[in-house]
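Chemist: Right, I'll just put the structure down here and ask away after.
The values are calculated or read from the model by the stated rules, or taken from the named source; none is laboratory data. What you are looking at is a predicted structure, and each value in this text was computed from that prediction instead of being measured. Backbone-built Cβ (ideal geometry, glycine too); neighbour counts: all protein chains shown. In case anyone asks, the SASA skips ligands and DNA or RNA and just uses the protein heavy atoms, side chains included. Shrake-Rupley method; radii C 1.70, N 1.55, O 1.52, S 1.80 Å.
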Amino acid sequence: MRSLIDILDLTTEEIDGLIETAADIAANPAKYAEVCKGKKLATLFFEPSTRTRLSFEAAMYELGGNVLGFSEPGGSSTAKGESVSDTVRTVSCYADIIAMRHPKEGAPLVASMKASVPIINAGDGGHNHPTQTLTDLFTIMNEKGRFDNLTVGLCGDLKFGRTVHSLIGALSRYANVHFVLISPNELMLPEYMKSEVLEKKGLSYEETTDLEAVMPKLDILYMTRVQRERFFNEADYIRLKDSYILTTKKLENAKQDLTIMHPLPRVNEISVEVDDDPRACYFKQVLNGKYIRMALIMKLLGLKAEV
Ligand code: NCD
């Protein structure tokens with residue numbers, strides 16, 4: 001039984017396979033309409049979500065399966081003091097696969113040790129978010145046709161932004177990727193990410209506070225929201241929340257084929273005027289997220305479309 005806790009749980013070949021399946025699902029949805037007939041996905045969301053939870057649910061419905069679960073812990077036995085371990089042991093009796101989001105780093109890993117069905121980490125605190133990374137990789141492949149030879153700017157809250165941590169992990173396996181880490185000093189990439197991933201693997205990276213200065217060299221610009229819920233005090237959040245606001249003016253010196261990404265939700269960090277720029281790909285990411293999650297559910301359940 002396979003779970004997906006960290007993006008590096010998947011080999012690069014497996015990621016290529018998921019992307020291939022996701023592309024085929026997008027082109028031939030009818031072929032997949034009954035693959036998960038009789039199967040149930042449980043979504044256990046202990047933290048807010050729109051895209052991740054609903055895309056998992058839409059994915060399962062479009063595979064012909066069913067969905068159960070909760071979208072906030074207040075309505076579950078968590079509110080009575082039940083542990084994550086007991087909750088997943090319980091839900092394992094009702095569902096064939098579980099997608100779980102939790103504010104505590106490592107909670108989905110603990111869940112995977114107790115569950116008797118596959119667990120998918122749908123975001124654990126400020127740590128990892130592997131299915132967003134699959135979404136991002138599918139989008140990068142569609143837009144760029146490759147994962148190597150890219151200069152990737154990651155901008156905003158690199159400290160708490162779990163999507164950034166997982167994306168760096170995934171891209172660290174490809175040749176000649178240069179990371180440009182753009183953040184306020186207080187929200188720089190955590191030391192463990194630098195020492196355990198970037199430096200350990202000898203990857204090329206630079207850190208800066210100045211988005212406009214690095215804009216011309218970027219192939220990808222991945223914007224992120226300042227993660228309000230992970231701050232210890234509101235004053236720091238308010239001071240930092242508008243550190244970067246991407247506008248059409250700031251894009252004047254960008255490459256013509258820049259790919260602008262954002263996991264969403266956006267707050268202020270991309271001005272809505274940028275949405276009409278053909279380089280803006282964040283709403284394409286949303287749709288890609290459904291297809292790649294369909295491919296992932298099938299893989300973890302060991303199911304294939306009949307040919
Ligand atoms: C992200 C998350 O939950 O980490 N959202 C998402 O799943 N698309 C990004 C965020 O909340 O800022």
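Quick grid of which residues meet (1) part of a helix (DSSP H, G or I); (2) charged (D, E, K, R); (3) within 16 Å of the ligand (Cβ to nearest atom):
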position	(1), (2), (3)
S195	yes, no, no
E212	yes, yes, no
Y222	no, no, yes
R225	no, yes, yes
Q256	no, no, no
P263	no, no, yes
N268	no, no, yes
V286	yes, no, yes
V307	no, no, no
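Chemist: So, one more: Any idea how many residues of segment 104-134 are farther than 28 Å from R228 by Cβ, touching a helix residue (DSSP H, G or I) at 6+ places or on another chain (Cβ under 6 Å) and crowded, with 19+ Cβ neighbours inside 10 Å?
Modeler: Applying the first criterion (farther than 28 Å from R228 by Cβ) to segment 104-134 yields 112-118.
Checking which are touching a helix residue (DSSP H, G or I) at 6+ places or on another chain (Cβ under 6 Å) leaves us with 114-118.
Those left that are additionally crowded, with 19+ Cβ neighbours inside 10 Å: 115, 117-118.
Adding up the residues that qualify gives 3.
Conditions (1) in contact (Cβ under 8 Å) with a residue 60 or more places away in the chain; (2) polar (S, T, N, Q); (3) over 16 Å from T133 (Cβ atoms), marked per residue:
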| site | (1), (2), (3) |
| --- | --- |
| S166 | yes, yes, no |
| H178 | no, no, yes |
| P184 | no, no, yes |
| M193 | no, no, no |
| E207 | no, no, yes |
| L211 | no, no, yes |
| Y222 | yes, no, no |
| E229 | yes, no, yes |
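Here's the yes/no breakdown for (1) in a helix (DSSP H, G or I); (2) closer than 19 Å to P265 by Cβ; (3) outside the structural domain of R225 (by TED's automatic domain parsing):
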site: E57; (1), (2), (3): yes, yes, yes
site: R89; (1), (2), (3): yes, no, yes
site: V110; (1), (2), (3): yes, no, yes
site: G123; (1), (2), (3): no, yes, yes
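Chemist: A further question follows. Here is a list: D124, D96, D136. Which entry is within 16 Å of the ligand (Cβ to nearest atom) and touching a strand residue (DSSP E or B) at 6+ places or on another chain (Cβ under 6 Å)?
Modeler: Working: D96 fails: within 16 Å of the ligand (Cβ to nearest atom); D136 fails: touching a strand residue (DSSP E or B) at 6+ places or on another chain (Cβ under 6 Å).
Of the residues listed, the single one that is within 16 Å of the ligand (Cβ to nearest atom) and touching a strand residue (DSSP E or B) at 6+ places or on another chain (Cβ under 6 Å) is D124.
Chemist: Now a separate question. Across segment 270-284, what is the number of residues that are farther than 15 Å from L54 by Cα and within 13 Å of the ligand (Cβ to nearest atom)? Spell out the reasoning first.
Modeler: Applying the first criterion (farther than 15 Å from L54 by Cα) to segment 270-284 yields 270-282, 284.
Those left that are additionally within 13 Å of the ligand (Cβ to nearest atom): 270, 282.
Adding up the residues that qualify gives 2.
Chemist: If I ask for residues that are within 20 Å of Q285 (Cβ to Cβ), exposed (fewer than 14 other Cβ atoms within 10 Å of the Cβ) and of a type in the set (V, I, T), which ones from segment 10-68 would you list?
Modeler: Answer for segment 10-68, where residues must be within 20 Å of Q285 (Cβ to Cβ), exposed (fewer than 14 other Cβ atoms within 10 Å of the Cβ) and of a type in the set (V, I, T): just T50.
For (1) more than 21 Å from S271 (Cβ to Cβ); (2) open to solvent by less than 10 Å² (accessible area, probe 1.4 Å); (3) of a type in the set (K, R); (4) assigned by TED's automatic domain parsing to the domain that holds A99, each residue gets a yes or a no:
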residue: D136; (1), (2), (3), (4): yes, yes, no, no
residue: K159; (1), (2), (3), (4): yes, no, yes, no
residue: L167; (1), (2), (3), (4): yes, yes, no, no
residue: S183; (1), (2), (3), (4): no, yes, no, no
residue: M215; (1), (2), (3), (4): no, yes, no, no
residue: L218; (1), (2), (3), (4): no, yes, no, no
residue: M223; (1), (2), (3), (4): no, yes, no, no
residue: F231; (1), (2), (3), (4): yes, no, no, no
residue: I238; (1), (2), (3), (4): no, no, no, no
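Chemist: Follow-up question, since we're still on this one. From the list G145, G74, which one is assigned by TED's automatic domain parsing to the domain that holds V180 and free of Cβ contacts under 8 Å to residues at least 12 places away in the same chain? So that I can check it myself, show each step before the final result.
Modeler: Numbers: G74 fails: assigned by TED's automatic domain parsing to the domain that holds V180.
Only one candidate passes the filter, namely G145.
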